[in-house]
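S.K.: My questions all concern the structure below.
Just so you know, all these numbers are worked out from the coordinates, no wet-lab data involved. Note that the structure is a prediction, hence the values are computed from the model and not measured. Because the Cβ atoms are built from the backbone with ideal geometry, glycine has one as well, and the counts that use them run over all protein chains shown.
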Amino acid sequence: MSQFKRSVYERSIYKEPGPIRDSENPFEAMVERFDVAAKILQLDSGFYEYLVTPSRIHITAIPVMMDSGQMRVFQGFRVIHNEILGPSKGGIRYAEDVNLEEVKALAAWMTWKCAVVNVPFGGAKGGVVCNPREMSPGELERLTRRYTANLIDVFGPEKDIPAPDMNTNEQIMAWILDTYSMHAKRTETAVVTGKPILLGGSRGRREATGRGVMTVTLAAMERLGMRPSQCTVAIQGFGNVGSIAAQLLEEQGCRIVAISDVSSGYFNAEGIDVGAAVEYSAAHGNSLEGFPGAEPITNEELITADVDVLVPAAKEDQITRHNAPDIKAKIIAEGANGPTTPRADDILNERGVLVIPDILANAGGVTVSYFEWVQDRQGYFWTTDRVNRRLDRMMRTAFDSVFDVASRHDVSLRIGAYVYAIEKVAGALRLRGIYA
Ligand code: GLU
């Protein structure tokens, strides 16, 4: 591990850059941005190595009795990237293609994300290789409980706190809470966030990521002198993040002209009725396929649509060097984690597109997760209004801080966000010192 890291460091700092390619490996994509920020901060090579390296990696076999009576074994991961600022925090994703490099990248992004919004958490991420669409609720419950039991010593309200991510939801968080509580022999609501309100979840958590995307998009429009009522928006992904961002941006007066999900994409120059799309998707098994209010478009057409704002809110590596030259949006607000490759970043920066990076744009989710954890530990629950006001304030402050750092160093908002986050985590490390 350390050999590899050192060689990445030396390659980037002391030698010629490697060949130009889009990132096949999301962890390397994270390291590429880290490298630039580390150079700006003149980070000592020991600090560099420590901050880039995941502190613990858990890989676990999860046997599950399927409904058929056949046992199947799934692979699960939990990567704790860093705990310098506090207990580690991050979601768990269920996906067929999830892999260790992806989870390592996502865990590191959680560390930087928490630092950017100033919540006292480190970063972690989990993943289970499975296809939840092909599994029954019973199978998903057994998988979730066994994953939790296997990692019982890792999780804990003061240690590592999971949350939902791709294909995991409130119900899955409820099963984690219950399994952990059965082992602890007491109910521990603060061990997970993003759980149902009835079990200690926070008001506003479900909407929080989309809401944060809205807040930073409005902040970026202000900086560029754009009025929401004169802006058109394309949104890729219509899950928890994309659909909420669409509704809230529409409420702010923006015209949502393009939406999509895994099944299909739609365009309407007059504006899509987002409420109707949400209802349609809910009534059709969470699919927009066949949505009548607009013309069908492809994924590439959505990415390169003639709009003012593009919100990639689906998955990694959607904006690449291949489509970045054709993007017309002036603002890109990354609702997803890692939707833009480093090569695409270079092209977008050169073309003057303002990219609000994932570790800032989608940090609303973990911010309200923090509120949820605080409420659970106090046993005192806030109104939706209080949650939303505090979220808006924290997202605004984070945006302004990142904008200032980026302007000061004359770099993109992405690099500004990394500089801002790494400086904070490195500062905490310096104060704590190294235990030997
Ligand atoms: N999975 C979400 C993210 O990527 C939320 C994490 C959390 O709330 O802990 O930011």
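S.K.: Anything over 28 Å Cα to Cα? Flag those among Lys89/Lys424; Lys104/Lys424; Lys89/Lys185; Lys39/Lys159; Lys39/Lys125, in the order listed.
M.R.: Pairs exceeding 28 Å: Lys39/Lys159.
S.K.: Given the -39500 (n - 2.57) contribution per DSSP H run of 4+ residues, what per-residue ellipticity at 222 nm results for the chain, rounded to the nearest 500 deg cm²/dmol?
M.R.: My calculation for the chain gives -15000 deg cm²/dmol from helical runs alone.
S.K.: How far, in nm, would the chain grow between Gln75 and Ala61 when pulled straight, counting 0.36 nm per residue and subtracting the alpha carbon separation?
M.R.: Computed gain between Gln75 and Ala61 is 4.5 nm.
S.K.: Sticking with this structure for a sec: For the range 20-178, just run the numbers: alpha carbon Rg, then divide by 2.2 N^0.38 Å, N being how many residues it has.
M.R.: Normalised Cα radius of gyration, the range 20-178: 1.10.
S.K.: Separation between the Arg408 and Glu300 pseudo-spin-labels, each 7 Å from Cα along Cα→Cβ, expressed in nm?
M.R.: 4.3 nm
S.K.: Can you report the principal axis dimensions of the range 172-250 using only the alpha carbons, biggest first, rounded to whole angstrom?
M.R.: Ordered largest first, the range 172-250 gives principal extents of 56, 22, 16 Å.
S.K.: How many percent of Cα pairs in the chain exceed 32 Å?
M.R.: Of all Cα-Cα pairs in the chain, 35 percent lie more than 32 Å apart.
S.K.: Net charge around Met226, counting only other residues with Cβ within less than 13 Å of its Cβ (Lys, Arg = +1; Asp, Glu = -1)?
M.R.: Working: positive: Arg223, Arg227, Arg255, Lys330; negative: Glu222, Asp308.
After counting each charged neighbour, the total is +2.
S.K.: Could I ask something else about it? Rounded to the nearest 0.05, what FRET efficiency do Ala276 and Glu49 have when you use their Cβ-Cβ distance and R0 = 51 Å? Don't skip to the end; give the middle numbers.
M.R.: On the way: r = 52 Å, r/R0 = 1.02.
It comes to 0.45.
S.K.: If Rh is defined by the Kirkwood formula over all Cα pairs and Rg also comes from Cα, what ratio Rg/Rh do you get for the range 100-149? Walk me through the intermediate numbers first.
M.R.: Details: Rg = 14.3 Å, Rh = 12.7 Å.
Expressed as Rg/Rh, it is 1.13.
S.K.: Then there's this: So for the chain, averaging the separation of alpha carbon pairs under 8 Å that are six or more residues apart and normalising by length, what relative contact order in percent results?
M.R.: Once normalised by length, the contact order is 16 percent.
S.K.: Charges on Cβ only, +1 for Lys and Arg, -1 for Asp and Glu, centred on the Cα centroid of the chain; of Ala105, Tyr435, Met173, which one is farthest towards the dipole's positive end?
M.R.: Of the listed residues, the answer is Tyr435.
S.K.: Note the per residue figure in Å³ for the convex hull of the C-alpha positions in the range 94-245. All intermediate terms of the calculation are to be shown ahead of the outcome.
M.R.: Details: hull volume 21.0 nm³, N = 152.
That works out to 138 Å³ per residue.
S.K.: In the chain, what percentage of the DSSP-assigned beta bridges are antiparallel, given to the nearest 5?
M.R.: 50 percent
S.K.: Multiply the residue gap between His322 and Ile197 by 0.36 nm, knock off their C-alpha separation, and tell me the result in nm, one decimal place.
M.R.: 40.7 nm is the gain from fully extending His322 to Ile197.
S.K.: Looking at the chain, which longest stretch skips every one of the chymotrypsin sites (Phe, Trp or Tyr not before Pro) that is in a DSSP loop with at most 12 other Cβ atoms within 10 Å, leaving the sites themselves out? The partial results should precede the final answer.
M.R.: Working: sites that count: Tyr380, Tyr435.
Here the longest segment lacking exposed loop sites spans 1-379.
S.K.: At 7 Å along Cα-to-Cβ for each site, give me the label-to-label distance between His183 and Ile152 in nm.
M.R.: The two pseudo-label positions are separated by 0.6 nm.
S.K.: If the cut-off is 29 Å between C-alpha atoms, which lysines fall inside it for Lys328, apart from same-chain ones fewer than 8 positions away?
M.R.: List returned: Lys113, Lys315.
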